[in-house]
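Colleague: The structure follows.
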Amino acid sequence: MRQSFFWGATALLTSQVFAGDSTWLSPQYKQIFQNPLPFPPDKAPSEEYTDKKTGRTVKFYDIVVKPFEQQVYPGLKPAKLVGYDGMSPGPTIRTERGVEAVVRFTNHAEKDLSVHLHGSYSRAPFDGWAEDVTKKGQYKDYYYPNSQSARTLWYHDHAVHHTAENAYFGQAGFYILHDGAEDELHLPSGPKYDLPLALSSKQYNSDGTLFDPKDETDSLFGDVIHVNGQPWPYHNVEPRKYRLRFLNSAVSRAFKLTFEVDGKAVSFPVIAADTGLLTKPVTTSNLEISMAERWEVVFDFAQFAGKNVTLKNSRDVQADKDYAATDRVLQFVVGKTAPDQTNNGAVPSTLRTVPFPPSKTGIDRSFKFGRTGSMWTVNGKTFADVNNRILAKPERGAVEIWELENSSGGWSHPVHIHLVDFQILSRTGGKRPVLNYEKEALKDVVLLGVNEKVTVIARYAPYDGVYMFHCHNLIHEDHDMMAAFDVQSLKDWGYDEKTKFVDPMEDKYRSKDEDDSEHDKITDTLKKFMEMEAYNNVSELEKALEDYHRLPKSTFSTVTVSSTAGLSSTSSLAASVAPTTSAPVAALAVASNTPSTLITSAARATSTSPSSTKRTTTSKKK
């Protein structure tokens, strides 16, 4: 059984001294590798609904964001935290590919929150737009497709200008998407041998409480390394193979990990990244993982029976500040017997066919991640600049190459692009090329190191709408190194959709008060979501988009395509999609792909030219 110890209101650390520590920002931590590695419990769905006509199923999960305490330092005050279901990391949601989910997040904390399912191609109203906040006493239902490749996702806060605080104080959790087809690879599996490991780094005050990053404008590297919420834990393992799912959930610290035995590094295969399996395993002696990245490895403890394997961190990771014990992360204590040999064979030489975008040449868009005074910017713009924050308008389904340049001096920026999976094409100007394991992966985060310039390629699909891209150093994000892109609707490809989901601030999907009349009608809620047909036939949709951009456009003037809404379609999208409301501004939103709540000028509502419509993104007060 997995170790059941987990951080909650009553957790307490034991006390033993680890010699050799001298310089600390926090009180010296004296229990390194003396406390067991905790694992968050799995979250079970409370209800589910299956459409009898289509056979599609959606499951319902209910999570409450609430305060709790963690006793980190014996004899000092407990740290006051806020987490999903009162724990950090939050409960792990494990779901099967093809089974949709509605996750209700209810806010019982003081600060506003927004939730982003990182790694999901959720429709815009359910993606965690920063200004789509849930206040104390409110809830929001997030609707997720779960139709992508099997992968390690994570859910975390994304509230405008408070993401760093909310995530740092505990709002992060694993969301693991499983595909039964992957079982044929016979990789280590099950709760005992497939381990989610969330890395983070924090700083504590002299009284044992958690340092508050609210006034920080540069970075918060922290000097206390945590794994699954526990500072420097140990974990008992058998002498056999384990699958380790690493997530860097830190606010500002990147890691360069090595496995060491008797002071020597041990090589291991990397098997998966942000978006799932690589094309093949890539052997390395170290693993670089920046904020929000996920990497998965298979480590074989067989040859180290009766020994300790220490997970170490490099002392020279980008421009991160190093402290007394930040070179240590986790210690594995290897037993002498491995009674269960299930899925303990060799890692296959081929893992999957990764759907890389088709090759092309040239740079479609360039973005400079820089700094102006105390503000972090993208192309000189900030997220607070509501009239200029949309920096790109790719066509739905178009393949584009984006150039990302670090022009901020001695800082690094892990760049996350919402909605899409991208391929890293090049990295120049810094100390590193594209790493070997990066070459075999599709990603949703790429580290833009000091002075580096990186190019990435992605298909902007499957959905249209307004999405964010930003630095995932959450201090930088909160101080406005975040922008938006607007995936433009297609009007001549003959693929109907029942409802438009382009507006991340659409009123009908916003947060509601807990005493709302719909609050307890869960089955009705699930049925309504499924009737929206937001995620029907995604594979057909993706194929239609590929064909649209591959074939002559004249092919699509009268093409008949199976509808993503489950409807019969023999006409163009422009002629067949009905507006969600009848107001003139909403009609323009459908015609030009401009969400009505993002249009601030009444004059724009009368414009008939999509090119004359200027987008802004002002919050809509409830």
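Colleague: Filtering the range 209-241 down to residues that are assigned to a loop (DSSP other than H, G, I, E, B) and in contact with a Pro (Cβ under 7 Å, 6 or more places away or on another chain), which residue is surrounded by the most Cβ atoms within 10 Å (Cβ to Cβ)?
Modeller: This residue is G229.
Colleague: Considering each residue of the range 44-73, count those that are under 30 Å from V133 (Cβ atoms), of a type outside the set (S, T, Y) and part of a strand (DSSP E or B), and give that number.
Modeller: Going through the range 44-73 one residue at a time, the tally reaches 14.
Colleague: Here is a follow-up. If you take the residues in the range 306-333 that are hydrophobic (A, V, I, L, M, F, W, C), touching a Ser or Thr at 6+ places or on another chain (Cβ under 8 Å) and surrounded by fewer than 19 Cβ atoms within 10 Å (Cβ to Cβ), which one is farthest from Y29 (Cα to Cα)?
Modeller: Looking at the filtered set, the residue picked out is A319.
Colleague: Give me the pairs, please: first residue somewhere in the range 442-469 and touching a residue at least 12 places away in the same chain (Cβ under 8 Å), second residue anywhere and among the basic types (K, R), beta-carbon distance under 6 Å, and either six or more positions apart or on two chains.
Modeller: The qualifying pairs are E452/R427; V454/R427; Y463/R123; D464/R396.
Colleague: Quick one: which residue in V72, V103, V58, V99 is under 18 Å from S511 (Cβ atoms), among the aliphatic types (A, V, I, L, M) and touching a residue at least 24 places away in the same chain (Cβ under 8 Å)?
Modeller: V103
Colleague: Here's something else I'd like to know. Return a yes/no flag: does the range 487-503 have any residue that is in contact with a strand residue (DSSP E or B) (Cβ under 6 Å, 6 or more places away or on another chain), in a strand (DSSP E or B) and surrounded by fewer than 24 Cβ atoms within 10 Å (Cβ to Cβ).
Modeller: Scanning the range 487-503 turns up at least one residue that is in contact with a strand residue (DSSP E or B) (Cβ under 6 Å, 6 or more places away or on another chain), in a strand (DSSP E or B) and surrounded by fewer than 24 Cβ atoms within 10 Å (Cβ to Cβ).
Colleague: Any residue that is in contact with a Ser or Thr (Cβ under 6 Å, 6 or more places away or on another chain), part of a loop (DSSP other than H, G, I, E, B) and hydrophobic (A, V, I, L, M, F, W, C) - is there at least one of those in the range 334-346?
Modeller: no
Colleague: List, please: which pairs have Cβ atoms under 8 Å, are six or more places apart or on different chains, and start with a residue in the range 371-396 that is more than 19 Å from H161 (Cβ to Cβ) and modelled with pLDDT of 95 or more and end with one that is surrounded by fewer than 18 Cβ atoms within 10 Å (Cβ to Cβ) and among the hydrophobic types (A, V, I, L, M, F, W, C)?
Modeller: N379/L391
Colleague: Something else now. Regarding V297, is this residue in contact (Cβ under 8 Å) with a residue 12 or more places away in the chain, in contact with a strand residue (DSSP E or B) (Cβ under 9 Å, 6 or more places away or on another chain) and not in a loop (DSSP other than H, G, I, E, B)?
Modeller: Criteria met by V297.
Colleague: Looking for something charged (D, E, K, R), more than 17 Å from the chain's Cα centre (by Cα), farther than 28 Å from Y535 by Cα and outside any strand (DSSP E or B) - is there at least one such residue anywhere in the range 74-96?
Modeller: Among the residues of the range 74-96, at least one is charged (D, E, K, R), more than 17 Å from the chain's Cα centre (by Cα), farther than 28 Å from Y535 by Cα and outside any strand (DSSP E or B), which makes the answer yes.
Colleague: Any residue at all in the range 450-460 that's at pLDDT below 95 and either at negative phi or β-branched (V, I, T) (or both)?
Modeller: Scanning the range 450-460, I find at least one residue that is at pLDDT below 95 and either at negative phi or β-branched (V, I, T) (or both), so the answer is yes.
Colleague: Against the definition (modelled with pLDDT of 95 or more and outside any strand (DSSP E or B)), how does E110 come out, yes or no?
Modeller: Answer is yes for this residue.
Colleague: K500 is checked against (1) among the basic types (K, R); (2) over 19 Å from the mean Cα position of the chain (by Cα); (3) under 22 Å from D547 (Cα atoms); (4) modelled with pLDDT of 95 or more and fails just one. What number does that condition carry?
Modeller: (4)
Colleague: Restricting the range 258-317 to residues that are under 30 Å from Y168 (Cα atoms) and among the acidic types (D, E), which is farthest from the chain's Cα centre (by Cα)?
Modeller: Result: E260.
Colleague: Also, I was wondering about something else. Mind telling me which of the residues A272, A346, A292 ends up being more than 18 Å from D223 (Cα to Cα), among the aliphatic types (A, V, I, L, M) and surrounded by fewer than 22 Cβ atoms within 10 Å (Cβ to Cβ)?
Modeller: Result of the check over A272, A346, A292: A346.
Colleague: With S517, S511 as the choices, which residue is crowded, with 21+ Cβ neighbours inside 10 Å and of a type in the set (S, T, N, Q)?
Modeller: S511
Colleague: Can I ask one more? Which of the residues that make up the range 359-374 are surrounded by 18 or more Cβ atoms within 10 Å (Cβ to Cβ) and either among the aliphatic types (A, V, I, L, M) or within 22 Å of the chain's Cα centre (by Cα) (or both)?
Modeller: F367, F369
Colleague: Residues of the range 213-266 being more than 29 Å from A302 (Cα to Cα) and charged (D, E, K, R), which ones?
Modeller: K214, D215, E216, D218, D223, R253, listed by residue number.
The values are calculated or read from the model by the stated rules, or taken from the named source; none is laboratory data. As the structure is a prediction and not an experimental result, all values here were calculated from the model. Please note: Cβ atoms are built from the backbone with ideal geometry, for glycine as well, and neighbour counts cover all protein chains shown.
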